[in-house]
Every structure is written in C-alpha cells, then in structure tokens.
1. Listed residues LEU47, LEU41; which is at pLDDT 95 or above and touching a helix residue (DSSP H, G or I) at 6+ places or on another chain (Cβ under 7 Å)?
2. Does the stretch 89-99 contain any residue that is free of Cβ contacts under 8 Å to residues at least 40 places away in the same chain, in a helix (DSSP H, G or I) and small (Gly, Ala, Ser)?
3. When you look at SER120, is it more than 22 Å from ALA173 (Cα to Cα), polar (S, T, N, Q), part of a helix (DSSP H, G or I) and touching a helix residue (DSSP H, G or I) at 6+ places or on another chain (Cβ under 9 Å), yes or no?
4. Among the residues of the stretch 16-31, which ones are touching a residue at least 40 places away in the same chain (Cβ under 8 Å) and of a type in the set (A, V, I, L, M)?
5. Could you identify the single residue in GLY31, GLY13, GLY64, GLY51 that is of a type outside the set (A, V, I, L, M) and closer than 18 Å to TRP128 by Cβ?
6. For the condition surrounded by fewer than 17 Cβ atoms within 10 Å (Cβ to Cβ) and small (Gly, Ala, Ser), what is the one hit in ALA174, ALA185, ALA190, ALA170?
7. Of everything in the stretch 154-164, what is exposed (fewer than 14 other Cβ atoms within 10 Å of the Cβ) and at negative phi? Give them in sequence order.
8. Please specify each residue of the stretch 83-117 satisfying the condition of being under 20 Å from ALA171 (Cβ atoms) and among the hydroxyl-bearing types (Ser, Thr, Tyr).
Amino acid sequence: MSQLVRRQSQLAGILYLVTHVTSVTAVIAYGGGVVRAGVALEFVLALGCLGTGVLLWVLLQAHGPARAASFALLRTLEAAVIVAGALPMLAAALAGTTVDGASAAMHTAAFLLGQGLVISVNTVILGWLLWDARAVPRALAALGMAGGVVVLVSNGLQLAGAIPLNGVVAAIAAVPVFGFEIWFAVWLIAVGVRPDRGIRTAHAADAVVG
C-alpha cells in the first residue's frame, strides 16, 4: 500500500467518524433548542458525506468503477438532502422564530430520505464492492450489506406508517449500519483498504451492473 493510499484511507476513516459525531450531536442540539448549532453540525455532516464519497471513489474505483461511482453519487445526494432539510431550520433561526410544524416535517422527511433510504442503498453498494474486492474483512463487508437492507426495510415501513417515525424499532434497525460504519472507519484509519485484491472479481460484477 502506497503512502498516498494510506493517507487517503485514514482521511476517509476520520471523515466517517466526523459524520457520526455530527449526526448525533445535531440531534442533541435540535432537541435542546440550539437550532443554529444543529444546522452548523448538519452542514459539517454534509461535507463529511461529500468527503467520504470522493475519497472512497478514489480508493475503490480500480476495484469496481461503476459501483464506486454510484456510491460517490449517492453520497453526494445524501449530502444535498441533508442541507435541504437543514435550510428551513436555518431560516427559522435567522428570523428569530420558533421552528414551525412545516419546517420540522421537512427536516424529518429529509432525514428519512437522506440518512434513511439513500444511505441504505449506498451502504449495500459499498458492502457489495468491498466484498468482491476483498478490500476489507468479509465480515465487515457482509455487515454493511445486511445493515443496508435492514435500514431500507425499516424506512419503507416508517414511510408506510407501519412503525413510528424515528421510534425504537427504527433505532434498533439502524444499529447494524452504525456498527458497520464505525468498524469501517476504524479499519480505514488503522489498516486501510487493500487495493490489490479481488480486482478481477469486482470488475466482472461491475460489467454485469453496467
């Protein structure tokens, strides 16, 4: 592994951890009524999503260009949705008014779309690529694929009204993806991706996708 790849892997891992910290602290800030802080944290979260998308595209495009590009594009979409959901909250904060029901509903909808549906699909794609490329331990890649499917089902049930929005069931369903991203972040920082394994298999899968 070259020094450049090592540094890119470490930066990607750090940004993954940044997205976790900011996503959790943004919820805490909003819950405490500190709206401006919540918005600022979500903007940092969006930047972290963009950064991980670009860096993992750079690191994994040799393994599977179609899936690496799909992941980067979905990560960009996730960042855009996060910003879109934060803008009504920012408008309320700048106007010095309380967050009304419409703004809160838009923020919740953006959360379900960006950090629910989009993240579930791109986690499945990432896990699948990591599995074929053997860039990380197989258990880690499998956790990503399985966790993404669980979150996708959970969000579908929430949108259908079958389970409460952001309730206990939804929180439990998010645990596998949370575990995957933390494990993946630590792996990227401590070890990095293995860029020279499984490339032939991954390219064959991308040919089918394309």
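1. Details: LEU47 fails: touching a helix residue (DSSP H, G or I) at 6+ places or on another chain (Cβ under 7 Å).
Sole residue among the options that is at pLDDT 95 or above and touching a helix residue (DSSP H, G or I) at 6+ places or on another chain (Cβ under 7 Å): LEU41.
2. yes
3. Details: more than 22 Å from ALA173 (Cα to Cα): no; polar (S, T, N, Q): yes; part of a helix (DSSP H, G or I): yes; touching a helix residue (DSSP H, G or I) at 6+ places or on another chain (Cβ under 9 Å): yes.
Taking the combined requirement at face value, the residue does not satisfy it.
4. LEU17
5. Values: GLY31 fails: closer than 18 Å to TRP128 by Cβ; GLY13 fails: closer than 18 Å to TRP128 by Cβ; GLY51 fails: closer than 18 Å to TRP128 by Cβ.
Result of the check over GLY31, GLY13, GLY64, GLY51: GLY64.
6. On the way: ALA174 fails: surrounded by fewer than 17 Cβ atoms within 10 Å (Cβ to Cβ); ALA185 fails: surrounded by fewer than 17 Cβ atoms within 10 Å (Cβ to Cβ); ALA170 fails: surrounded by fewer than 17 Cβ atoms within 10 Å (Cβ to Cβ).
Only one candidate qualifies: ALA190.
7. So in the stretch 154-164, the residues exposed (fewer than 14 other Cβ atoms within 10 Å of the Cβ) come out as 160-162, 164.
Hits for the stretch 154-164 are ALA160, ALA162, PRO164.
8. The answer is THR108, and nothing else.
The values are calculated or read from the model by the stated rules, or taken from the named source; none is laboratory data. Everything quoted here is computed from the prediction, not taken from an experiment. All Cβ positions, even for glycine, are placed from backbone atoms using ideal geometry, and neighbour counts span all protein chains on display.
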